[in-house]
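Only one structure is covered here, and it is reproduced in the block below.
Throughout, read-outs are computed from the coordinates displayed, never taken from laboratory work. Fair warning: this is a prediction, and the values are worked out from it, not measured in the lab. Glycine gets a Cβ as well: all are built from the backbone with ideal geometry, and neighbour counts include every protein chain shown.
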Amino acid sequence: MKFLAAATLIASGLMATTAFAARQNGSWYAGISGDVSTLNSTNVTGATAGDNLKYKFSSGGNVAVGYEPQMFNNGTGDVRLEVEGGYHAFGLKDVTAGGVENTSPNGDLRVATLMGNVYYDLHNSTSLTPYIGAGAGDAQINFAKNNGFGATTSSDNRFAYQFMAGVSYTMPSMPKVDWSLGYRFLGTTSPQFTTTTGDIKLDAIHASNAEIGLKYHF
């Protein structure tokens, strides 16, 4: 039995190595991910002192197209370059506007992102590959009309950045498919909006995301 277990482990490692080698000369891939998100509470300036927004748990997702260049491959790690689009809608949980608190508001803050990402995959003798990544790009931010500060008549585009870390898994029987489980921090600079009661500005947005994803290599 010990021999059988050892043989199985060795075979799995060889299959994982073979799967990696099959993609070693560079490959394109498409990816998709879904997540559960939390967004920091944000203070509101340009309104009554002490005005504040708090948000519910949210879900969202990202789609990406990426490439693993051969020139960055050193046999133990891969650099991946990626273009990614994402979308999240953070429902309002609590709004303090004009000094009045509303604990059951009906509105949300919507964030659509277009990012350029760089990842580093740390390959090893198993089917599990740890990764880290960072990205930067643009976020279009919309503040839903029913938000407690009057009807919003504008959206805002702001600089966005993110950091990612996690682990991916390649099934030996499906060498072109990677499953991943990870964490993503998404931030933007402070958005500003025009409302029917005046201009307002929110704190910088900081969202924490736990995500699961899939990549298919061509």
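Grab the Cα-Cα distance for E101 and I212, subtract it from 0.36 nm times how many residues apart they are, and report the gain in nm with one decimal.
My answer for the length gained is 36.4 nm.
What span do the alpha-carbon atoms of region 52-209 cover on each of the three principal axes, reported in whole Å from largest to smallest?
59, 27, 20
Suppose R0 equals 22 Å; then what is the FRET efficiency for V36 and D138 from their Cβ-Cβ distance, rounded to the nearest 0.05?
0.40
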